[in-house]
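Undergrad: For reference, the structure I am asking about is given below.
The values are calculated or read from the model by the stated rules, or taken from the named source; none is laboratory data. Source: prediction; values computed, not measured. Cβ sites come from the backbone with ideal geometry, for glycine too, and all protein chains shown count toward neighbours. Ligands, DNA and RNA are stripped out before the accessible areas are found, and what is left, the full protein with its side chains, is counted by its heavy atoms. Shrake-Rupley method; radii C 1.70, N 1.55, O 1.52, S 1.80 Å.
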Amino acid sequence: MIRPAPRVGEADLPPLALHDRAMENLRYIRETMERSQSFTAVSGLGGVVMGVVALVASFVATRATSTAMWVGTWMTAACLALGVALFAMARKARLAGGTLLGGAGRKFAWNVSPPLLVGFLLTVALTRAGLVELLPGSWLLLYGTGVVTGGAFSVRVVPTMGLTFMAVGALALFAPAAWANLIMAAGFGALHIVFGIVIWRKHGG
Amino acid sequence: MARAGPALDAVAGTAPEAGALELDRLIHERVRLGIVSALAVNGKLPFTDLRDLLGTTDGNLSAHARRLENAGYLLCHKSFDGRVPRTDYELTARGRRALQAYLDHMEAIIAATRER
């Protein structure tokens, strides 16, 4: 696997070769930088499964007969999705020869956890205050925030996904309460699936 | 690659002044250049990520990294993940300047040949 090291005797080479080698060196630096950037611990395949979980949940949620049941449905879906995310990221890390807590995974987890914790606390507080209609917007915004900060050092598609979640969340805050399940399906369902496929195809798993 | 023909004459005498004399041999080597480039983007990377990225072996990477470390271009952080030893490399300000100087150098060579 050791690549042949380039010989360093430029001084003996004709100038044109020097020029070509300089170009080649710059190309190598750029490629290495790009490839080192395309490390993402985020699993696209996991994102797709999380999206499917959300779509199923939004279907179940339309049949909820009480607020508690509706919140419960989404909380269950969130726990399931979190499990899927952890499993998928661990799998991706293992395939890449690392561990979930190595490098990129650890960075992502650190950045994504605080907004998720806030989301959980707000869910309890808003539900108790009877402001359930604010939940979809809060969830989408906080999740998006976590993905943006978590993906700040990752490939560009990850923070882009986070920003899109935040945009849908902002919409949800001001949309009629009746749209709640539809917006949740569009956000946690469709966005996860679309971005999941992109990450899966372009950034290995 | 050297090509025959007039192009060779066209640049003669220009490149040597931007030439290899003050070239930073330390990061000119392929693996070391790769290490510094990858760290310039990420700041800090685990040993295993760097090894996979550069497609090299454990021994090769650590030997090259040590040379960069000795030159003060990068820092080596050793720690434990549970019981598994773990190594991270971090680019120093000095290492970043060295890469910048190397990039300038390469650009100067290219500019020198393009002027003709």
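Undergrad: Looking at (1) at pLDDT below 85; (2) within 9 Å of chain A (Cβ to nearest Cβ), which one does B:Glu22 not meet, given that it meets all the others?
TA: The single condition B:Glu22 does not satisfy is (2).
Undergrad: Considering only the stretch A:152-169, I want to know if a residue exists there that is part of a helix (DSSP H, G or I) and over 17 Å from the mean Cα position of the chain (by Cα).
TA: No: the stretch A:152-169 contains no residue that is part of a helix (DSSP H, G or I) and over 17 Å from the mean Cα position of the chain (by Cα).
Undergrad: Would you be able to tell me the number of residues in the stretch A:116-137 that are in a helix (DSSP H, G or I) and open to solvent by 20 Å² or more (accessible area, probe 1.4 Å)?
TA: Result for the stretch A:116-137: 14.
Undergrad: Then there's this: Which one is nearest to the chain's Cα centre (by Cα) among residues in the stretch B:84-116 that are touching a residue at least 40 places away in the same chain (Cβ under 8 Å) and part of a strand (DSSP E or B)?
TA: Among residues in the stretch B:84-116 that are touching a residue at least 40 places away in the same chain (Cβ under 8 Å) and part of a strand (DSSP E or B), the one nearest to the chain's Cα centre (by Cα) is B:Leu91.
Undergrad: Residues of the stretch B:56-83 being more than 10 Å from every other protein chain (Cβ to nearest Cβ), assigned to a helix (DSSP H, G or I) and open to solvent by 40 Å² or more (accessible area, probe 1.4 Å), which ones?
TA: Selection gives B:Asp58, B:Ala63, B:Arg66, B:Arg67, B:Glu69, B:Asn70.
Undergrad: Filter the stretch A:30-83 for residues that are without any contact (Cβ under 8 Å) to a residue 40 or more places away in the chain, surrounded by 15 or more Cβ atoms within 10 Å (Cβ to Cβ) and not in a helix (DSSP H, G or I) and give the result.
TA: A:Ala64
Undergrad: Can I ask one more? Quick test for you: out of A:Val71, A:Val84, pick the one residue that is modelled with pLDDT of 80 or more and in contact with a Ser or Thr (Cβ under 7 Å, 6 or more places away or on another chain).
TA: On inspection, the qualifying residue turns out to be A:Val71.
Undergrad: Sticking with this one: Starting from residues that are surrounded by fewer than 23 Cβ atoms within 10 Å (Cβ to Cβ) and within 17 Å of A:Leu26 (Cβ to Cβ), keep the ones in the stretch B:37-55 and report whichever is farthest from the other protein chains (Cβ to nearest Cβ).
TA: Selected residue: B:Ala40.
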